[in-house]
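One structure is given below, encoded as structure tokens.
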2 protein chains.
Amino acid sequence: MKLYARALLALVVATAIGVASGRQALAQTDPLASWNDGAAKAAISEFVHATTDQSSPKFVPPEERIATFDQDGTLWVEHPIYTQVIYCLDRVPAVVKEKPELANAEPFKTVMSGDREAIAKLSMDDLLKILAATSTGMSVDEFETEVKRWLGTAIDARWKRPYTELTYLPMTELLKYLRANGYRTYIVTGGGQDFVRVYSEQVYGIPPEQVVGTAGGTSYSYDKNGRPFLTKDPKLLLNDDFAGKPEGIHMMIGRRPYAAFGNSTGDQQMLEYTKAGDGTRLAMLVSHDDAKREYAYGPALGLPDTKVGRFTQALYDEATKQGWVIISMKKDWKRIFAFESEQ
Amino acid sequence: MKLYARALLALVVATAIGVASGRQALAQTDPLASWNDGAAKAAISEFVHATTDQSSPKFVPPEERIATFDQDGTLWVEHPIYTQVIYCLDRVPAVVKEKPELANAEPFKTVMSGDREAIAKLSMDDLLKILAATSTGMSVDEFETEVKRWLGTAIDARWKRPYTELTYLPMTELLKYLRANGYRTYIVTGGGQDFVRVYSEQVYGIPPEQVVGTAGGTSYSYDKNGRPFLTKDPKLLLNDDFAGKPEGIHMMIGRRPYAAFGNSTGDQQMLEYTKAGDGTRLAMLVSHDDAKREYAYGPALGLPDTKVGRFTQALYDEATKQGWVIISMKKDWKRIFAFESEQ
């Protein structure tokens, strides 16, 4: 009887361990673990099931499974200023050192003054001048090296972390979930294509050829050893924002996405274009409504308008009319950043 | 004994069948079966082994395995006139019917006259006017439908077959062989990106997003039902020929190829750019030296120069200097077309 009791005990223990590890496995296999249950999470799951189940009338063949993501404000923090603009501003001293005649020329003089208020007031024209001075005129390899170096050292002011850590954990889960279901994930950003391609693979698992962004031309020439290289030109080829997003998607991908994700007026046309396709399509907008954990902005939320990431009432109204799904950072996201402790 | 003899016979027969089917299997598994043994075939095999063998010092990680192919004259027949030009010329009557005022305007008048000699003398400017009139001003969907329809009905003059059958069998074997070894194959063509994308998947197994070509802009707008669509503009965004090929590769792929294949001066910079990368890189040029089975042209072969697919002495000299491998259609290719009977 004693032996029998021990065997029974062993069985009970083994079963308990089995159940516990089964539960753990189940928890680990929720691909969207950082999402709270709700309309947004449900919309994603339903879309993926409908388009990947062979018996579904909405089945999408693997080669057509394209999902496009805006970057700034959709995959990582854009407030109060785009990361790429910070990069350009940080590069100004080095550029002025090389070309001292710029020290007294605007807008470089203002940037060199360090006067934050004055810098914040720079116009779009000023920023384009700074962009041209800091991001063109060098070879594509030099640009890549410089951006990599900067990303390895620059620290954001609020979280005191590298910018590449300011990605939204629920969105990186979503990228992986879509890829695990045969979707190719693309970034379609108003930001610089060459800039984002430097870190897209490491940060998002998105290879350079799946980054569509605002792109300038390059010029092919030879160095003194006859070795060819490409120089970044200040000539704009693709302004990948607003209507430029579907135009860029057509040029760079040549297929209409089945799912598209954005957060601002610059993403409107990409989401419209996506939803206008046949079959089932998913369009989602990230709403920045979490002042505590991230930021809260946008007239659609009764909050101040911003220069970047404009979430207007008109955009909100179109989302409602077209059946786009709003993602509330506050309600839908359990955690926002990977570095946050779990709630 | 009788039983033993029968068993022995059965064994002999089984062995013979086994050997025969083994031989057949071996023949079937040569991925480059339409290539004769020689320097070109050997260069391909060596390159693939060196870059895909994990123990090789020249190993290339799968994500970096990019191979780029010119189309006209490299993957399919370009002589005596590019297929896309034939498409444009064939479209002229329909365009003139819609816009009768063009009937008496050049170059449309010449095309409508059917005078082959006069048509052959049209200038590049004339051809660009015809291209703009026949391939822009409609939606990207309408263009795709029209090209598909044409490809389904048009027949080439020499072989009396659809143009999509005029692909070089050894090159389609090469595409498959590279893909089987983890390479992503891209078309990088001076031809129209939107044109080639219509049939690239079906004809070459290359999806639209892996076609880089000369590209015009598009404009986003809405139809009367508020449904968005893209219209093809006559504005040139990327002239994907000569230096435009490496520039286009940078823009559309963002990685330097490990292997590149071309046949004319328009491919020179793509091959230079490819070979200038670190590690082992393969650059190959198809030489059209088979007047009987295809065409023979190019000053490098002591043959007349041509408007299309120029194989100049300077290109030949650079190939020799840079270690590019010449593919002789006559010597290296057992069969040129899939529809040919085996030699």
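The values are calculated or read from the model by the stated rules, or taken from the named source; none is laboratory data. Bear in mind that the values here come from a model prediction, so they are computed numbers and not experimental data. Neighbour counts run over all protein chains shown; Cβ positions are idealised from the backbone, glycine included. Keep in mind that these areas ignore ligands, DNA and RNA; they rest on the heavy atoms of the full protein, side chains included. Shrake-Rupley method; radii C 1.70, N 1.55, O 1.52, S 1.80 Å.
Label positions at A:N104 and A:A39, each projected 7 Å from the Cα along the C-beta direction, are separated by 6.0 nm.
Considering helices alone, the calculated mean residue ellipticity of chain B at 222 nm is -13000 deg cm²/dmol, with DSSP H runs of length four and up weighted by -39500 (n - 2.57) and normalised per residue. Chains A and B together bury roughly 3100 Å² of accessible surface, counting both sides and using a 1.4 Å probe on protein heavy atoms. If you take the Cα centroid of segment A:169-196 and the Cα centroid of segment B:243-309, the two points sit 34 Å apart. Mean per-residue shielding of peptide B:270-282 is 2, counting Cβ atoms of other chains within 10 Å of each Cβ.
Rounded, prolate or oblate: pick one for segment B:135-243, where a ≥ b ≥ c are the square roots of the eigenvalues of its C-alpha gyration tensor, a/c under 1.5 means rounded, and failing that, prolate if a/b is larger than b/c, else oblate. Prolate.
Using every pair of separate Cα atoms, the Kirkwood estimate puts the hydrodynamic radius of the protein assembly as shown at 28.5 angstrom.
Computed on protein heavy atoms with a 1.4 Å probe, the accessible areas place B:K41, A:K58, B:K121 in the order B:K121, A:K58, B:K41, largest first.
By the gyration tensor of its Cα atoms, with a ≥ b ≥ c the square roots of the eigenvalues, what is the shape of chain A: rounded for a/c under 1.5, prolate for a/b over b/c, or oblate? Taking the square roots of the gyration eigenvalues as a ≥ b ≥ c, chain A is prolate. Apolar share of the accessible surface for chain A: 56 percent from carbon plus sulfur atoms, 1.4 Å probe. Would you mind checking the pairs B:K176/B:K307; A:K321/B:K224; A:K58/A:K334; B:K160/B:K334; A:K99/A:K232 and listing those with alpha carbons more than 20 angstrom apart? Checking Cα-Cα distances, B:K176/B:K307; A:K58/A:K334; B:K160/B:K334 exceed 20 Å. Translational diffusion coefficient of segment B:211-300 (Stokes-Einstein, Kirkwood radius from Cα pairs, 4 °C, 1.567 mPa s): 82 µm²/s. Rounded to two decimals, the Cα-based Rg/Rh of segment B:128-199, with Kirkwood Rh, is 1.03.
Please report, to two decimal places, log10 I(q)/I(0) for segment B:51-193 at q = 0.09, 0.16, 0.19 Å⁻¹ as given by the Debye formula with identical point scatterers on the Cα atoms and no solvent. Log-scaled intensity ratios, in q order: -0.40, -0.94, -1.19. Within chain A, the selection of entire DSSP H helices by a Cα span of 24 Å or greater along the long axis and an average Kyte-Doolittle value of at least 0.5 returns A:2-28. Computed on chain A, with alpha-carbon pairs under 8 angstrom and 6+ residues apart, the relative contact order is 21 percent. Rounded to the nearest 5, the antiparallel percentage of DSSP beta bridges internal to chain B is 35%.
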